[in-house]
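To start, the structure itself, in structure tokens.
Derivation of every value follows stated rules applied to the coordinates shown; laboratory data play no part. If you're wondering where the values come from, they're calculated on a predicted model, not measured in any experiment. When we count neighbours, we look across all protein chains shown, and the Cβ atoms used for this are built from the backbone with ideal geometry, even at glycine.
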């Protein structure tokens, strides 16, 4: 029996493509590893299709790695097309892979609708990709788009947004100002936590977020009294 990662091209092609849809996640993982170890442009379409439906995180990560091993002139246009998919996972994985490739020609594909996507995982992937791909002249505008979503989602979503903002550097300071004086305690606390991370990457993110929950539960006046 010829193993999946064998170098024989003729047998590898069919067996590898079949293995990418095998029932066993370990088999799919090995197949994705083989596709990256022996790059072949003919695999790109199948790798992308698998990214859209693969349920296992580790296999998805290996699929992304396999795609990064193929020529950018082949993968980037295909990934750019994929970010317009109606499937949430297809968009998310394509954006994630674009952030790993880091080819700036993909920047125009990072649209406002992706940055504000209703699906949190798609939006998080878009934030990360945008930070990697944005040219210097676009960073201020990107900071504004990201800061407009302060207070969004659960802790993981908020931390992802803060990290994306902080990765842009000091350019985010003007974009944070509206959030710092927002009437919404969750937005205000998120802005404050982000500003603190910008100044001190080792700062505890949860402190201000927990305070926001306390204020929301008690109301501003009672929260102020309780802190006295």
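A residue that is in contact (Cβ under 8 Å) with a residue 40 or more places away in the chain and either within 23 Å of residue 41 (Cβ to Cβ) or within 13 Å of the chain's Cα centre (by Cα) (or both) occurs nowhere in the stretch 98-120. Taking the stretch 141-151 as the range and being crowded, with 17+ Cβ neighbours inside 10 Å and outside any helix (DSSP H, G or I) as the test, the residues that pass are 149, 150, 151.
Restricting 177, 188, 199 to those that are over 28 Å from residue 91 (Cα atoms), surrounded by 14 or more Cβ atoms within 10 Å (Cβ to Cβ), free of Cβ contacts under 8 Å to residues at least 40 places away in the same chain and more than 15 Å from the chain's Cα centre (by Cα) reduces the list to 188.
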